[in-house]
Amino acid sequence: PANDECVDAIRVLTGQAYIGRTTAAGGTDVTSCGQNDFKDVWHYWTADCTGEVAVTTCGSDLDFDTTLAAFTQCGEVAFRCDDDGCPLPTSLGQSRVVFNSVGGQTYYFRVAGHQGDSGQYSLTVEPCKNACCVSSGGCTLRSGPSCLTIPEARPLGDGTRCLGDSDSDGTDGACETCPNATIQFASPL
């Protein structure tokens, strides 16, 4: 394949599945994602957002047991690695990595097969998820457009996370608003 080496990685775009094959791929077993996952191909993605992102081979051929690893540079050690992390029962043997992306940073993804397996894969980078506050005081991680489909919800923007209800007032800390404050003995200029 044209993307048999990391330096020849093929670009993937957010939300668009890339269909490829590892058949006839070379490589070496460079991760601990799965045993003997040496038939590999490479892709890269330049983050178009800051937030939690999931990259998956969910939706690949069911008879192809994939492994998936994420890198910040070619030749580096994988910072995320997975074998069989997609939801069951529809994605048996397929992989999913989740990490916090930084807008503008390029990430590299290695798709391989467990125990030397090869076949057709589908690689998808899902849109970033950030904190989304709902009217009940709760918080959920969602993409911006997905948050706006919830009545009276508001997205908090890139890089935001849910914090939990540490003060037990029924509102996630990320969704609490600060009260207006006054500074005693001060006057505005």
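The values are calculated or read from the model by the stated rules, or taken from the named source; none is laboratory data. Please read these numbers as outputs of a predicted model, since none were measured by experiment. Positions of Cβ are backbone-derived with ideal geometry, glycine not excepted, and every protein chain shown enters the neighbour counts. Protein only, heavy atoms only, side chains kept; ligands, DNA and RNA dropped before computing areas. Shrake-Rupley method; radii C 1.70, N 1.55, O 1.52, S 1.80 Å.
Points to keep in mind about this one:
- In this structure the chain gives 54 Å² per residue of accessible area when probed at 1.4 Å with all protein chains present.
- In the chain, the calculated helix contribution to ellipticity at 222 nm averages -500 deg cm²/dmol per residue, counting -39,500 (n - 2.57) for every DSSP H run with n ≥ 4.
- Normalised by 2.2 N^0.38 Å, where N counts its residues, the alpha-carbon radius of gyration of region 108-148 equals 1.89.
- For the peptides 142-155, 110-123, 22-35, the ranking by packing is 110-123, 22-35, 142-155, with the highest mean count of neighbouring Cβ atoms within 10 Å listed first.
- Segment THR149-ILE10, length gained on full extension (0.36 nm per residue, minus Cα span): 46.7 nm
- Convex hull volume per residue for region 30-188, taking Cα atoms only, in Å³: 175 Å³
- Scaling the Cα radius of gyration of region 43-93 by the globular reference 2.2 N^0.38 Å produces a ratio of 1.28.
- The alpha carbon centroids of region 54-77 and region 116-172 are separated by 23 Å.
- If only the Cβ of Lys and Arg carry +1 and only the Cβ of Asp and Glu carry -1, the dipole of the chain around its Cα centre is close to 420 debye.
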